[in-house]
Amino acid sequence: MGNNTWKRLRDRRSKAKRRPTGRGLILAVVFLAFVLAVGAFATVGLIGASVISSVNAAAPKLADQKTVALAETSRIYAADGTLLAYLHGVENRTIIGGDRIPTVMKDAIVAIEDHRFYEHKGVDYEAMVRALVRNLEAERVVEGFSSITQQLVGNLYLDRSDISVERKIDEMFLAWQLEEKMSKDEILDQYLNTVYFGSNAYGIEAAARTYFDKDPAGLTLAEAALLAGLVQAPSVYDPRLNAPAALTRRGEVLNDMLKYDFIDQAQYDKAIDEPLRLSKSSPFVAVQEPYVVAFVRQQLIDMFGRDTVFKGGLTVETTINPNYQRLAQEAIATTLDREGDPSAALVAVEASTGYIVAMVGGTDYDVSKFNLAAQGKPQPGSASRPSASWRPWRWGSTPGTRSIRRSC
């Protein structure tokens, strides 16, 4: 080759070295994009971390919430253990341990209120999305998505009548924290001791006795399903006021229990046909020996105040002997048995102890609630002394509750 030819070849190779190849260009572009992406993600990450940190700082902390003392029903007993009366305010509740709540009741409430309860961590996102779609379609709130855990923290720490987004977010944060602190079984047990079932019945123990006059352990599948159905709208599904609606709702609970494999077809078929067997009335309104109960109630209020008496879950043991009480009533009835006879009262005191073993304050409490034995003016030297009507106080904790048991 000539010199000119070799010169042209050297020039081409020199230019080729100075120009990047197509692959080099691609690699350069990819590298630049990577650098820019990393920078962008870092920026977004910093912003996101800042937002999350800000939200966490503003979110409620479970540890900061006040300890909630649930109202509990007090009981008055005769000396032989006969229940004379319940004392409660707006909330009629007796807290019981989870071992006393039957599995059928737990299954019923989970099936109808939160069937994914054992799968989520406090908030059911599937239910949240489903409710959001339905509410957008209806252009109003037609479905909620509060899990059992959310309902519990809402009942304990928040105002559930507040339907704002802020309150809902607070509920979610507290639910997440509670799931870190308590087991699923503990959450479910506390929920069933807290939730409202209608007719002043708060918690499963009061509900089972209010509607069926039985201990929760004795609930049938149909009865458990009916109680579980009340939680959504207690007044709407009240079985004593609207039996058809209550039975329809019970059917919905049984359907969900079957759908989510809590029961089989045979159990469903038997329960769906079971008639509504309610107790004639709530045992919480019944009072034995009303003059005695009214006297004891006032003494307790004077000693401890109304809140403690009607919310403190007291167990009060009186010295009243039902047999002596019956004999005292018979003595008055057989002596003053004519029309126009005056009212009478009788108090029997055990001489060796000073215990009041019988107290009849009048002929008929429904006619006159004035207690002649306690409110009348006894003659000097009377053996009836209110201070001698109870045994000394004994203190101790009641199993399965957070209240203090006081027996007298």
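Before moving on, here are some points about what is shown:
- Computed E for E252/T335 - FRET, C-beta separation, R0 45 angstrom, nearest 0.05: 0.15
- Links that overshoot a 27 Å alpha carbon limit, given the list K184/K259; K66/K214; K66/K168; K106/K168; K106/K181; K106/K270: K66/K214
- Per-residue extension of 0.36 nm, minus the Cα-Cα distance of A217 and R306, leaves a gain of 28.9 nm for this segment.
- A DSSP coil position with no more than 13 other Cβ atoms inside 10 Å describes the following trypsin sites (Lys or Arg not before Pro) in the range 274-337: R277, K280.
- With contacts taken as Cα pairs under 8 Å at a separation of at least 6 residues, the range 91-285 carries a relative contact order of 26 percent.
- On the basis of the beta-carbon distance and an R0 of 22 Å, V133 and S161 show a calculated FRET efficiency of 0.30.
Since every read-out is calculated from the coordinates, none of them should be taken as a lab result. The shown structure was predicted, so the numbers you read here are calculated from the model rather than taken from an experiment. Quick reminder, even Gly has a Cβ in these numbers, built from the backbone with ideal geometry, and neighbours come from all protein chains shown.
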